[in-house]
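Inspection log for the structure reproduced underneath, given as structure tokens.
Readers should treat all values here as calculations from the given coordinates under stated rules, not as data from a laboratory. Note that this is a predicted model, so its numbers are computed, not measured. Quick reminder, even Gly has a Cβ in these numbers, built from the backbone with ideal geometry, and neighbours come from all protein chains shown.
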Ligand code: UDP
Ligand code: MG
């Protein structure tokens, strides 16, 4: 760990094929940090991009001493790329933001003020952006996002705020707690919510991307949702118990029915009901096995204890780079 004093603010953004968005991102974030004054840094993580993202980042790090460019060995995905950036950054306060400018960096001063206690309620540990509107995103994306946040709220005890992404300002204390969590399948907004402390929303309008396209196709969205649910809830695992009870009750009903039928002297035709019961039970069992498999797979991944991300290069930053 370097002995240099910490910058007041670190801005951390993961970048995957963002060559077209980055110049505008750097310009706007740079202007916001200029306005704020004091020492700051911009930590940008190239998550194994296949376009010129790394060249853009390395060049920016060469021109602007505030920029720290981190390159991962390969694509690790949004949440792990972000984790890599968070582990490298050194600021007292950390702004987590996407590189596509869907979330306006210009809100930083307001977030800083809220963290200082501008609402008269004694400061905050986390100031998170809460989306009022989402421009330039498909109805499908908005509908699935809304359904997802409602579902996760029902399944978990942690109060994960709806309509909030990872766009947030956190204190060094919260960040250190976050980095101390060893889990591989990271759902960062949920983990930050789980930490607790005073978490304050700041309502804003989410814009369309400045350039490029969403890196979250449906398959990644499903995986993201599965990670979120399995890391914060064992309700699906318990579902087999509930269904087992229901099935047992139904089975007992059937049993009584057949006994009474036998007593009254008529045997049951029964093929259809038998097939229905077999099919239903077989389907249920496979479903439950699948759910158990999902948790087991994550347990297995976790038990391997591999590093969460692998850094190939770090360029820039004062005193020869962080740490
Ligand atoms: N991202 C990343 N690695 C990935 C996918 C995305 O680092 O494998 C970054 C991306 O460059 C962006 C942020 O994560 O800065 C959010 O991704 P995106 O904007 O595509 O998601 P959306 O806003 O559409 O949900
Ligand atoms: Mg985006």
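Annotations for the structure displayed:
- Which listed residue is touching a helix residue (DSSP H, G or I) at 6+ places or on another chain (Cβ under 7 Å), within 16 Å of ligand 1 (Cβ to nearest atom) and under 27 Å from residue 15 (Cβ atoms), from 165, 136: 165
- The residue that is farthest from ligand 2 (Cβ to nearest atom), counting only those in the stretch 59-75 that are surrounded by fewer than 21 Cβ atoms within 10 Å (Cβ to Cβ) and assigned to a loop (DSSP other than H, G, I, E, B), is 65.
- Across the stretch 9-32, the number of residues qualifying as touching a strand residue (DSSP E or B) at 6+ places or on another chain (Cβ under 6 Å) and surrounded by fewer than 22 Cβ atoms within 10 Å (Cβ to Cβ) comes to 0.
- One residue alone among 207, 185 is more than 16 Å from ligand 2 (Cβ to nearest atom) and surrounded by 14 or more Cβ atoms within 10 Å (Cβ to Cβ), and that residue is 185.
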